[in-house]
Amino acid sequence: MWSKAMRVLFGLLAASVVLEAAAIRGTVSEGQTGRPLGRASVSLEPVAGTSGRPQSSHTDPYGTFEFSNLPEGAYVVTASRRGFAAVSYGQKRWKAPGIPVFVREGESKSVDFQLPR
């Protein structure tokens, strides 16, 4: 049987592993009005050399999304919705490339999108 001290130590170790994962969260809104866009698609694509895997999600009714438990690395984040132009984070012009978001262990980054019609 495990002693109480060993169970506490194991619990703290398990919690520290969970806390070390990175997260990218943010919002998607309409470009002209700033109204939150529910059901927008958000994709996360790891840059070469990042051990993460591609992921996708949809925003909630308030336009928010979150990708959690990410390994450290760089990711290209893109938002889209029917009737709106797709936008990558950091994109300066239409069809220009986005800027990867770099997260370290235990770090959380916030990215916000305004989608033009």
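The values are calculated or read from the model by the stated rules, or taken from the named source; none is laboratory data. Please read all numbers here as calculations on a predicted model, not as lab measurements. Methodologically, a virtual Cβ is constructed for each residue, glycine included, from the backbone with ideal geometry; neighbour enumeration extends over all protein chains shown. What goes into the accessible areas is simple: the full protein's heavy atoms, side chains included, and nothing from ligands, DNA or RNA. Shrake-Rupley method; radii C 1.70, N 1.55, O 1.52, S 1.80 Å.
Enter the mean projected area of the convex hull around the alpha-carbon atoms of the range 69-117, in nm², rounded to one decimal.
With the hull built on Cα positions only, its mean projection is 3.8 nm².
Kindly rank 107-115, 74-82 from highest to lowest mean number of other beta carbons found within 10 Å of each residue.
Descending packing order for the listed peptides: 74-82, 107-115.
Using 0.36 nm per residue of separation minus the Cα-Cα distance, give me the extension gain between Arg39 and Ala21 in nm, one decimal.
Gain on extension, Arg39 to Ala21, equals 3.9 nm.
Taking the Cα of Arg53, stepping 7 Å toward and past its beta carbon, and measuring to each backbone N in the range 75-117: which are under 18 Å?
75-76
First compute the accessible area of the range 69-117 with a 1.4 Å probe, then give the percent of it belonging to carbon and sulfur atoms.
Carbon and sulfur atoms account for 49 percent of the accessible area of the range 69-117.
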